[in-house]
Amino acid sequence: MLLAAVAMGALAFLSDFVDGVSGSLLLAVASSGASWGGLALFAGYSFMRRTSSAAAATALLVAAVLTYYGLILVASRRWNWGVLEDGSSAGGPGLLSAARAILYWVLAAACTGPFLGLLGNVTRHGALPQRCVATGVAFGLLTAQGWHILLFRAGWRSVDDFGVQQLTQAVAIVLLPTLVMTFLATREGLSRLWPRTVAASVASCVCCVGLWHTADVVSGWLSG
């Protein structure tokens, strides 16, 4: 599973260099809340013990974050691009910005990893009512970024290439987890309590979209 985390971080790094609709799809698959959260949920889903699920999910997220930013620091050296208004190198401020971003996302991974791991564990090993609620919460977590783009980023409404890319990314982030969670719900026999699953999904979407909006504001401050 550690190799999966490294691969996710590497793919997320590569997606920064792919343009157009293909780049948007790659971002949705390898560099979105749906993909990274799905990785952590899968780790939790794969272990029987809850402590193992929490630890595995956290380790995978931290490894993916460190892989992504490690490649930025060493391979692309994106933090060192450009110059400041006075003609000096932007390397110092860029490195500081990268350090703040690494700290922020490592802390985010350390805080969210245990929860995602436990959630993945409950979707498979909990009692039926618990599995219904956990599946609904997981759906909200995985699709929230796509809903956030559709609600708060107006760029997808334009008819230019940027709008098409934004819309493609948002639809992919919502659609892929929907298909996966529907398959899991059917496989785990959750259809008997589908109103509970739907209610948990709606509540989770509302809360998680709010969290994504907050993270978007904080990320803008960190990169500013």
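Data for the structure
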item: Set VAL209, VAL159: member being touching a residue at least 24 places away in the same chain (Cβ under 8 Å) and either in contact with a strand residue (DSSP E or B) (Cβ under 9 Å, 6 or more places away or on another chain) or not hydroxyl-bearing (Ser, Thr, Tyr) (or both); result: VAL209
item: Residue within the range 213-222 that is over 20 Å from LEU27 (Cα atoms) and among the small types (Gly, Ala, Ser) present; result: no
item: Selected residue (only one of VAL159, VAL164, VAL180 is surrounded by fewer than 18 Cβ atoms within 10 Å (Cβ to Cβ) and outside any helix (DSSP H, G or I)); result: VAL159
item: Matching residues, the range 1-41, being farther than 22 Å from GLY140 by Cα, among the hydroxyl-bearing types (Ser, Thr, Tyr) and touching a residue at least 12 places away in the same chain (Cβ under 8 Å); result: SER15
item: Output for the range 194-224, where each listed residue is over 19 Å from ASN121 (Cα atoms) and among the aliphatic types (A, V, I, L, M); result: VAL198, ALA199, VAL202, ALA203, VAL206, VAL209, LEU211, ALA215, VAL217, VAL218, LEU222
item: VAL171 vs. criteria in a helix (DSSP H, G or I), of a type in the set (A, V, I, L, M) and either buried (at least 22 other Cβ atoms within 10 Å of the Cβ) or at positive phi (or both); result: no
item: Filtered residues of the range 13-32 (kept if hydroxyl-bearing (Ser, Thr, Tyr) and over 18 Å from TYR69 (Cα atoms)); result: SER22, SER24
item: Verdict on TRP147 being touching a helix residue (DSSP H, G or I) at 6+ places or on another chain (Cβ under 8 Å), buried (at least 18 other Cβ atoms within 10 Å of the Cβ), at pLDDT below 80 and not acidic (Asp, Glu); result: no
item: Every residue from the range 187-211 that is surrounded by fewer than 18 Cβ atoms within 10 Å (Cβ to Cβ) and more than 14 Å from VAL133 (Cα to Cα); result: ARG187, VAL206, CYS207, GLY210, LEU211
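The values are calculated or read from the model by the stated rules, or taken from the named source; none is laboratory data. This structure is a prediction, so every number in the text was calculated from the model and none was measured. Here the Cβ is made from the backbone with ideal geometry for all residues, glycine too, and neighbour counts use every protein chain on show.
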